[in-house]
Amino acid sequence: MLDEILELTEALAGAEKVETVLDLVLDSALKISRAEGGSIYTLDTLGRNLHRTASKYFSTASAVPSGERIDIYGPDGVPNLNLPSALVVSTGTVINISDIKTAVGYDFSRIEEDDRVGGTTTRSLVIVPMTVLKDRSVGILQLINTRNGVDQIGAVNEKALKQLQALTIHAGICLWNARILEENTRMKKQFDRYVNELPKQMTKRPDKPLKPAHKKPQGLVGDSPPIEKAINLIGKAAGSDVPILLRGETGTGKEMMAAFIHQSSDRTDKPFVVQNCAALPEALLESELFGHVKGAFTGAGTNKQGLAHEAHNGTLFLDEIGDMPLALQAKVLRLLQEGEVRRVGATKTEYVDVRIVGATNVNLEEKIEQGEFRRDLFYRLNVFPINLPPLRERPSDIPKLIDHFLKQGAAKAGRPVPVVDSEALDALMCWSYPGNVRELKNILDRARLMAEEGYPIQLEHLPIELSGPRDGIGGRMPSSIPDGDLKSIVGQYEALVIEAKMREAGWNKTNAARLLKVSRRTIIEKLNRYNITRPAGF
């Protein structure tokens, strides 16, 4: 264990990316506990939500989704302490349950949902808080099916639990330092840019053309470990002719990566042809892909080559291939196996030399079980699968993407590049981005238009789901109006505001009073009146 801690400490000291830190910690925790899987959740800067930023599971049919958000507070504004993860991060206590079926007083609905999606069956559960500054939680380490013996699943013993706690202390410190470094770097860039763009200091000089990134897709922004891993895999496969299957959520850049595969191959001077398999009905898609002969159907006045012919000696990119009709899947399989193409209405077969790259954002294994995707086609396409990470799994790239999209949008509009204030930046960094990079771009394009020229982008310029409902002056509103008379309702809202400001001030009464522009004595009186106390985990 000492060797493990020393090795981890050395690795963490040299790690610059948050993702690298979390992966190292998770690997070590799995070794210590001999667990079947685990996840690391990080707490957002407002202390209201946990985001799963790293996960690793063994012997599962499909990966448990990363990036899921857990709300710590219920609709009443009180921490939901029945939820194990919320209990640990709020109070700093450790959960070490040998069998969740016999445990009472807990809400295991999130664990059961993970089991349903990932194909796991959770029995034992261990959750350890990641704390800094003695009692401030920055996240949790969650492990399932830990072993207290060679093969026996159950709660971990006291020795292993102390080792996991030592591990999370290292993780918490490194995560805290990484966040501070990212925020300081971001704010320094914004300040430098703001100073450089002051009217008196602006000088018009021709922009120097940016050199393309070395061995990276054109237009790719980011250098986080997950995206670097995907690029390295592409570099290994691009020089061959094996089919490649790009898997990832919508907005993760599958078409950009497919073009990069083509540009990195020996076929770079040949055509790169793209077809979205979900964009056309079956009859039109077949004609588009494989062509047709004159008279094959109404409107077929001439012979027509298909995209497979146009991509001869090049690359054919089939986007959303998981949505291709079953009848066409057989013809694509023939193209993959033999290079054979038969036009609609034709009696003879033609031969083409194409490299197939497929892409999908659906679970093909589930499609196969439901009879909606051919198993043999899956095996032919899945020779070299590449998973493109969602944006929530590469948080260190978010500041770079914000800079890129703001500069890009401002250049097109002929306007100065706006800065982003700290509260809006916190919201952007903590959002889970179900639409990934495309969603971030759309959010910034809208925010840039909403903000007045020369003024920073603020929280009010972002979509409401990033920061919660707001009233007309930009303050947060409760999710629902409580029952009662006006005085009691206003009192409840006042208590929520005071608690929020106390959290923002790190539970320092003097700083909270300064934020609310009242005296320290007033803050103390309000805290006593509404029975607001500092949670043990904060």
For region 344-360, list residues with backbone N below 19 Å from a point placed 7 Å from the Cα of ASN387 toward its Cβ?
358-360
Antiparallel content of DSSP bridges confined to the chain, in %, to 5
65 percent
Given a Förster distance of 45 Å, report the FRET efficiency between VAL104 and GLN218 from their Cβ-Cβ distance, rounded to the nearest 0.05.
0.20
On C-alpha positions alone, give me the angle between the axis of helix 326-338 and the longest principal axis of the chain, in degrees, nearest 10.
70 degrees
Treating cross-link reach as a plain straight distance, find the lysines whose alpha-carbon is under 26 Å from the alpha-carbon of LYS367, omitting any fewer than eight places away in the same chain.
LYS56, LYS254, LYS331
If you plug each phi of region 440-449 into the Karplus form 6.51 cos²θ - 1.76 cosθ + 1.60 with θ = phi - 60°, what whole-Hz ³J(HN,Hα) values come out, in order, with x for Gly and Pro?
4, 4, 5, 4, 6, 4, 5, 4, 5, 6
Please list 3J(HN,Hα) in residue order for region 305-316, calculated via the Karplus relation 6.51 cos²θ - 1.76 cosθ + 1.60 where θ = phi - 60°; whole Hz, with x for glycine and proline.
6, x, 5, 5, 5, 5, 8, 4, 6, x, 10, 10
Extension gain (nm, one decimal) between ARG446 and LYS517, 0.36 nm per residue minus Cα-Cα:
22.3 nm
Values of log10 I(q)/I(0), in the order q = 0.23 Å⁻¹, for region 486-529 under a Debye, Cα-only, solvent-free model:
-0.72
If amide hydrogens are placed 1.01 Å from N in the peptide plane, which non-local residues have theirs closer than 5 Å to the one on ILE457?
VAL419, VAL420, ASP421
What are the trypsin sites (Lys or Arg not before Pro) within region 293-334 that DSSP puts in a loop, where the Cβ has at most 16 other Cβ atoms within 10 Å?
LYS294
log₁₀ of I(q)/I(0) at q = 0.12, 0.13 Å⁻¹ - the chain, Debye sum with one point per alpha carbon:
-1.26, -1.36
Output the pairs from LYS134/LYS159; LYS162/LYS400; LYS101/LYS501; LYS236/LYS407 with a Cα-Cα distance over 29 Å in this structure; if there are none, say none.
LYS162/LYS400; LYS101/LYS501; LYS236/LYS407
Extended-chain gain in nm, criterion 0.36 nm per residue less alpha-carbon gap, ASP71 and ARG534
164.8 nm
Cα long-axis angle, helix 18-33 against the chain (0 to 90 degrees, to the nearest 10):
80 degrees
Spacing of the two label points (7 Å from each Cα toward its C-beta) at GLU494 and TYR351, in nm:
8.6 nm
Rounded to two decimals, what is Rg over Rh for region 260-395 when you use alpha-carbon atoms and the Kirkwood radius?
0.99
Can you work out the Karplus-derived ³J(HN,Hα) for every residue in region 109-122? Use 6.51 cos²θ - 1.76 cosθ + 1.60 with θ = phi - 60°, whole Hz, and x for glycine or proline.
4, 5, 5, 5, 5, 4, 4, 5, 6, x, x, 9, 9, 7
As an exercise, use a Förster radius of 25 Å and the Cβ-Cβ distance of ARG415 and THR250 to find the FRET efficiency, rounded to the nearest 0.05.
0.25
Quick check: pseudo-label points 7 Å beyond the Cα along Cα→Cβ at VAL94 and GLU369, how many nm apart are they?
3.6 nm
Any residue on another chain or 5+ positions along whose placed amide H is under 5 Å from the amide H of ALA155 is listed here as SER98
Quick check on region 390-472: what are the equivalent-ellipsoid semi-axes from the Cα gyration tensor, as sqrt(5λ), descending, whole Å?
19, 17, 10
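What do you get for trypsin sites (Lys or Arg not before Pro) in region 117-156 restricted to DSSP loop and a cutoff of at most 14 other Cβ within 10 Å of the site's Cβ?
LYS134
Each value in this text was obtained by applying a stated rule to the coordinates, not by laboratory testing. As the structure is a prediction and not an experimental result, all values here were calculated from the model. Cβ atoms come from the backbone with ideal geometry, glycine included; neighbour counts cover every protein chain shown.
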